[in-house]
Each structure stands twice: as structure tokens, then as C-alpha cells.
1. What does the charge dipole of the chain about its Cα centre add up to, to the nearest 20 debye, if the Cβ of each Lys and Arg holds +1 and the Cβ of each Asp and Glu holds -1?
2. For the chain, what's the relative contact order in percent, using C-alpha pairs closer than 8 Å and at least 6 residues apart?
3. Suppose the chain between residue 88 and residue 2 were pulled fully straight at 0.36 nm per residue; how much longer would it get relative to their current alpha carbon spacing?
4. Run through all the Cα pairs of the chain and give the fraction in each 5 Å bin from 0, expressed as whole percent.
5. Let's test the formula: R0 of 41 Å, r as the Cβ-Cβ distance of residue 163 and residue 206. What FRET efficiency results, to the nearest 0.05?
6. Would you mind checking segment 137-167 for residues with the amide N under 20 Å from a putative spin-label position 7 Å along Cα→C-beta of residue 105?
7. Just to verify a number: FRET efficiency for residue 215 and residue 36, C-beta to C-beta distance, R0 = 22 Å, to 0.05?
8. Calculate, in nm to one decimal, what residue 117 and residue 183 gain on full extension: separation in residues at 0.36 nm each, minus their alpha carbon distance.
Amino acid sequence: MELSLDDFRDYYESQKLGNLYLPNGSYKVRLRDLYENIVSWKINDKTLTIDDLTAIFAIGSAVHHPGYRVVSTSTKKYRFFGPIQKSIRKIHIRPNDVDFLILTRENMTEEKVIPSLREERASDGYGGGTTFVVVSNEMHLICRGLNQMLVGIDYRDGTRLPIDSVSEHTLREGVLLFYNEAEWKHFIARASVKKETPRRVIWDETLWGNNLVGHIK
């Protein structure tokens, strides 16, 4: 199912926001934390509301596809001599944080970092010390306006480098979470960047409490 920004607000107000699970590194983010950090964000003397937004994306290494990077190495066949042999290794991506891009109607360029949330667990009763479990990973929030995104995906004269690599990356590899359908369709019709990732979010409700849970796959 696809979810709108109004759905995001409705689930929050009903206290039914669960977790968003990321494909790289087996990380998760509490959707309630994401919502509260967005609507408490003050930019240019204005505090954001859900009504100010057009879309919310998950971006960056936590959702990168494929979930590994390829490393090429060259070694001598007999350690110090002999023909050079080349090999390729796949290294799984293990990010320590999650990036979200918040697309707003008005031009707003801002970023902020929300530290990871840790939960304390008591001793096991057999001499074990207190442990800390990561409940929600560190979040990076990045804000862009609709017009800023359109300008950002244009290329500099004589190069293949976009004016704003974050904007281009969002449209090529970002995963759309919540959006205003009419505004988003109008925006996409004007944008020249095509989506290249097969990643998408699959929403579901848990059997206990009907909490909203998302899995990016």
C-alpha cells in the first residue's frame, strides 16, 4: 500500500507508528521519532508542519542498492613476484546512520542530526552488567524545497555533475515513504531524473495494536 503525508499524521495521532526497517545493516528507525523531529524542526523562523511538506524520502547508504560495494585488488601470484592477479570482493554496506530528505513547498535548505536512541537493560541476575541496546539509529534530516530540487538536478555547463548531488541522488536512488500525490506527480512531470533503484517500502500493520511497520526491500 502507498501512504500519504496525511496517513503519516493520522497514524501518529492514533499512536500507531511502529518501526521502519532498513535493508543495509539491519537497522531500524522509530517512525514516531521521525515524525516528531520533523514537526519540531524550526527553519527560517518557521516550525515545520506536515502540511508544509510534499514528500519524505529515505536516502543514503542505509537504502543503497545493491547493499554492497565492489572492491578490486591486485596482488602478485607468488607474494613478491610472478604475474599480477586481479580479484573482486563484495563488501556489505554497514552504515551507522540513516538519511532522510524532507521535500517542502517553500525553499528551505537545512540539515540536522538526531543521535541514536539507546535503551538500558538491567542485569541478568548472574553478575552481568547493565547493557545498552540501540532502539533507533542515528538520523540525518536534510531539507529541500521543490524549486531547490528542480534547480539542483540541473547539470553544470560542460559537465555531467549536478548542481546539487543530494537532490539528484534522492530522485535516482531514494525511497519514497510518504507524499502528497497531486504535488508529487506535478513535480515528477517537471523533473528530468529517472528513478534507478528497485528499492521500495512495503507497509503493513502488526497483529498487535495495528501499529504501522515499514520494510524497505
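1. Details: 30 positive and 29 negative charges, 351 e Å.
It comes to approximately 1680 debye.
2. Working: 421 pairs, mean separation 55.2, N = 217.
Here the relative contact order equals 25 percent.
3. Details: separation 86, 0.36 × 86 = 30.96 nm, distance 3.85 nm.
The residue 88-residue 2 span can extend by a further 27.1 nm.
4. 1, 6, 12, 16, 17, 15, 10, 7, 5, 4, 3, 2, 1, 0
5. Details: r = 42 Å, r/R0 = 1.03.
With R0 = 41 Å, the Cβ-Cβ based efficiency is 0.45.
6. Taking a point 7 Å out along Cα→Cβ of residue 105, the residues of segment 137-167 whose backbone N falls under 20 Å are 143-151.
7. 0.50
8. Working: separation 66, 0.36 × 66 = 23.76 nm, distance 3.33 nm.
Here the segment from residue 117 to residue 183 would lengthen by 20.4 nm.
Each reported figure results from applying straightforward, stated rules to the coordinates on display, with no laboratory input. Fair warning: this is a prediction, and the values are worked out from it, not measured in the lab. Cβ: placed from backbone, ideal geometry, glycine included. Neighbour counts: every protein chain shown.
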